[in-house]
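Accompanying notes for the structure given below.
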Amino acid sequence: MLMRRAAVPGTEKHPAWALFAALLMLFTLPAHAGAEPVRSPYESVDACAQVDQLEFNGTLANASITEQVNLGPRTTGSNASAALRTVIHQTLPDWNVQNHTYTEDNLTFTNVVATHSNTPVNESTDRVVLVAHYDTRDVAERDPDLNRTDEPIPGANDGASGVAVLLELGRIIPSMNLPYQVELLFTDAEDQNHSHRLYGAEAWVGDQTEEDVNRTTAYIVVDMVGDIYLQMTHVYPGNFELWTTIPPLAAALGLMDTETDCEGNLGRDVVNMSISTGVIDDHVPALNRGIRAIDLIDIRFGPDAEPFGGYWHTHEDTPDKVSAQSLADAGRLVELGLRTEAWTLNVSLNENKEEPAAPSAPDAPDTVEEPTVEVYAVLGASAGLGLVAALILLLVLNRAVKLNPRP
Ligand SMILES: [Zn+2]
């Protein structure tokens, strides 16, 4: 992960309230006589019907952490970086895997792009892009040992965890028979102390045609998700509509301590949307290109770590700080989103709201009522509004809790 979002005093609270306001609007607008229902391009899904089918294996993902760290620091241009590219290619035999090399600012870097689709791909085929940076930081500027701040970090969490989750998803996606294309984007030069640029993600965005952009329904970054004390929060900037798909998925998996899972058990505190953190990561170039993008990240690395504190960018970013459980929590969340088709568009925002019905000919067959394309709020399903309400409550509580320091 690159850096905290450039902040001005008080801005960390602002997005939470922007989210709050938006949620409030979503919650209240449908009550206003339905004249202007809020539309979302994402439709509700029945997550619980899919939970038993999940195959993501946290133990395998955790083994990848060790394998990657054993290669040595994967700094841009290093032999370890090239070796990891080879591992990525070998781990994805059912994918079309390509390297894309660029040189900018005297830095040569290589993205690895893997694509898979069970159906022929054309200009209108939906595409979901999952993203992780595979490079690791070349300096440890936050390490307490000032004699070692110039040395590269192991990157077990910051680097290897996102790659491990994507590789394990890559193992199981081909058998999911998803009705859309999935792309795994392994970015290089996300975390180099070269300049404050997201080289890999920016280069990928620069390669995308308008057609590519238009068929990309979601771009989801997975970064720093291995922490034993995993807690993913809302992150800004990020696409609001895409963010609203996350709580129902997380709740179904028992990853929210305010919600019961599909079995009726209260969840763990792994996903907490009442906390909003500003993070600049590989999602930002995509957002700037008009692609719906979010960043799934835990920027509090370690026990009781503050944002951008703990083991982040230190030599303590080692495999023992990462757990198979956390990798499974993050991986299953993404797998469930893929299986439930939560990240493809069901409603075109450009569609006309109402078209006057053409008078049907007297001998026309019985007209079939078209399903409405107006999705109230994002979630639609019965649990949806409850979750939105719960989110609003959480955000209100967050306002109160924020007055106190974190425990
Ligand atoms: Zn980093």
| Could you give the Stokes-Einstein D for region 139-263 in µm² per second, using the C-alpha Kirkwood radius, 10 °C, 1.306 mPa s? | 90 µm²/s
| For region 63-97 and region 278-338, what is the separation of their Cα centres, given in Å? | 19 Å
| said: Per residue, how big is the convex hull of region 46-97 when only Cα atoms are used? Give it in Å³. | reply: 124 Å³
| query | When the Karplus curve 6.51 cos²θ - 1.76 cosθ + 1.60 is applied with θ = phi - 60°, which whole-Hz ³J(HN,Hα) does each residue of region 117-133 get, with x for Gly and Pro? | reply | 8, 7, 10, x, 9, 10, 5, 10, 5, 4, 9, 10, 10, 9, 10, 8, 7
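Note down the net charge around Glu168, summing +1 for each Lys or Arg and -1 for each Asp or Glu among other residues with Cβ under 13 Å from its Cβ.
Working: positive: Arg171, Arg332; negative: Glu55, Glu67, Asp329, Glu335.
Computed value for this residue: -2.
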| Formal net charge of residues neighbouring Asp145 (Cβ-Cβ distance under 14 Å; K, R +1; D, E -1) | -4
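Summing +1 for each Lys or Arg and -1 for each Asp or Glu, what net charge is found among the other residues whose Cβ lies under 13 Å from the Cβ of Gln181? Mind showing how you got there, number by number?
Details: positive: Arg127, Arg215; negative: Glu123, Asp126, Glu183, Glu211, Asp212, Glu341.
Neighbour charge sum, excluding Gln181 itself: -4.
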| said: Give me the percent relative contact order of region 269-349, please, defined on Cα pairs under 8 angstrom at least 6 residues apart. | reply: 14 percent
| task | Can you tell me the order of 326-337, 284-295, 146-157, 78-89 when each peptide is scored by its average per-residue count of other Cβ atoms within 10 angstrom, highest first? | result | 326-337, 284-295, 146-157, 78-89
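What do you get when you divide the Cα radius of gyration of region 93-185 by 2.2 N^0.38 Å, with N the number of residues? Working shown, then result.
On the way: Rg = 17.1 Å, N = 93, 2.2 N^0.38 = 12.3 Å.
Normalised Cα radius of gyration, region 93-185: 1.39.
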| request: May I ask for the Rg/Rh ratio of region 41-197, computed from Cα atoms with Rh as the Kirkwood radius, given to two decimals? | output: 1.02
| query | Across region 237-250, in residue order, what do the Karplus-derived ³J(HN,Hα) couplings come to in whole Hz, using 6.51 cos²θ - 1.76 cosθ + 1.60 with θ = phi - 60° and x for Gly and Pro? | reply | x, x, 6, 4, 4, 5, 4, 5, 7, 6, x, x, 5, 5
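With an 8 Å cut-off on Cα pairs and a minimum separation of 6 or more residues, tell me the relative contact order of region 70-184 in percent. Kindly include the intermediate steps, with their values, before the conclusion.
Values: 169 pairs, mean separation 37.5, N = 115.
Once normalised by length, the contact order is 33 percent.
Laboratory data are not the source of any read-out in this text; all were calculated from the coordinates shown. In this text the structure is predicted, and so the values were computed from the model without any measurement. All Cβ positions, even for glycine, are placed from backbone atoms using ideal geometry, and neighbour counts span all protein chains on display.
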